[in-house]
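Please treat every number below as a calculation from the coordinates, not as lab data. Please read all numbers here as calculations on a predicted model, not as lab measurements. Glycine gets a Cβ as well: all are built from the backbone with ideal geometry, and neighbour counts include every protein chain shown.
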Amino acid sequence: IEAMPIELKKLVEFSRELNDSWFTKSQTIIVYGQDSTLDFFHKKTTPQQRFIAHGHKMGLAVIDLTQHLAQDPAPSIGTWCSQLIKDVTTHDQCGCLSVQNAYIVSKDRQEFDYFFEQLALAFEQEVSEPDPTQRPLSTNGAIDNLREIYHFKAANSLSHEVKIKTSTDLSWTLIADLDEKSDAKEQLQASPTGNVLFLHELRDIKDLAKIPLAPQNRSSLALAPFSKPLAQSINTVFLSPKICPLGSIQNNSIFWHSDGYAPLAELVSWINFR
C-alpha cells in the first residue's frame, strides 16, 4: 500500500469489521481465501457485480530421475535440488505457487533415497534461518508438531519406511512417508508453510493421474527435465494451469493466465460501435 501513488492510497479503506456498504457501492469484488471464504462473499454479490475469486491453491514439482542421464548435457542432481529449493522457499512457501509436494520418478528405492539425501544436504547448505519477525508463531508451532508426529512414525513404523530430515532450527523440513499400500489421497499433504516439503515416490510419470488434487486447487507444476512435448503429455493426465521448468515456478509476467484464464480482463468493460 505504501508504494501506491497518493491518489490511489486515498481510495484504500481498511477495516477489521465487514462493512456492508462495501457490497452495495462496489462494481467488482475480488476475494482471496479458502473455499468457504469465497462462498461467503459470493452469496453477498449481485448479478450486476463482477466477482473475481482466488481460492486455495497448491504448487507441485515432478522430477523424473530416470531421464536424468538422457539429457544433453546432463544436469547435476545438485542443480535440480537447488531449483526445487528455490520453488519451495521463495516467500517462505506462503505463495499460492509454492511447491508443497514433490513427486520423484525413480527406477527403484535406492535412486529415490539418494535424491532425498542430496536434497537434504542442499537444504542444509542453501537455506538460512528464517527471520522470526516474518513468520507467525502459529506456523512454527504447526511445524514443530508435524515434526514430532513424523519422528514418531519414523521410529515406530513396522510396515513401511518413513523418512524425515530437518534443520536444527525451523528453517526447513523434508518428509517422505513411503507407504506403498496407501492411496494417493492419503499421501498428498498440505504444508503448514515454513518450507515443509513432502516427497513421494513414483515409478511412472503417468501415475500423476492418481494425484487427488482437484483442478480448481492446482496452481502450477514445476517439471524436470522440462520440454514442451513432455509438458503437453503430462497435461493429458494431470491438467494444470501452468507447467514450467523446475526453478521458475515463481517467475510470472503480469500477463500470465492465473488459474488458466485472464482474471483482470473481467475488470474491463467494452463498448462496441457498429
Mean projected area (nm²) from the convex hull of Cα positions in region 93-145 is 5.1
Potential extension, Asp207-Ile149 segment - 0.36 nm per residue separation minus Cα distance
18.1 nm
Two-site label geometry, Ile271 and Asn217: point separation in nm, points 7 Å out along Cα→Cβ:
4.5
Translational D in µm²/s for region 55-119 (Stokes-Einstein at 4 °C, 1.567 mPa s, Kirkwood Rh from C-alpha pairs)
102
The chain: spread of alpha-carbon positions along the three principal axes, whole Å, largest first, is 63, 48, 36
Cα gyration tensor of region 1-91, axes a ≥ b ≥ c as square roots of the eigenvalues: rounded (a/c below 1.5), prolate (a/b > b/c) or oblate?
prolate
Determine the gain in length on full extension of the stretch Phe40-Asn19; use 0.36 nm per residue of separation and subtract their C-alpha separation, reporting nm with one decimal.
6.2 nm
What do you get when you divide the Cα radius of gyration of region 1-44 by 2.2 N^0.38 Å, with N the number of residues?
1.36
Specify which residue in the list Ser36, Ser248, Ala265 is farthest towards the positive end of the charge dipole of the chain, using unit charges on the beta carbon of Lys, Arg (+1) and Asp, Glu (-1), about the Cα centre.
Ala265
Bridge orientation stat for the chain from DSSP, antiparallel percent rounded to 5, came to 20
Between Gly247 and residues 5 or more places away or on another chain, which pairs have amide H atoms under 5 Å apart, with H built 1.01 Å from N, and which residues are they?
Asp87
Distance in Å, no decimals, from the C-alpha centre of region 20-59 to the one of region 77-112 is 32
Need the full-extension length gain, Ile254 to His160, defined as separation in residues times 0.36 nm minus the C-alpha distance. One decimal, nm.
29.3 nm
Describe numerically, in nm with one decimal, the distance between label points set 7 Å from Cα along Cα→Cβ at Ala142 and at Glu2.
2.7
Cα-based shape type of region 118-274, given that a ≥ b ≥ c are square roots of the gyration tensor eigenvalues and the cut on a/c is 1.5
prolate
Relative contact order (%) - criterion: Cα under 8 Å, at least six apart; region: the chain:
21
For a test of the definition: using alpha carbon positions, the gyration tensor, and the 1.5 limit on a/c, classify region 188-263 as rounded, prolate or oblate.
rounded
Which residues in region 211-228 have a backbone N closer than 17 Å to a point placed 7 Å from the Cα of Ala190 along the Cα-to-Cβ line?
212-220
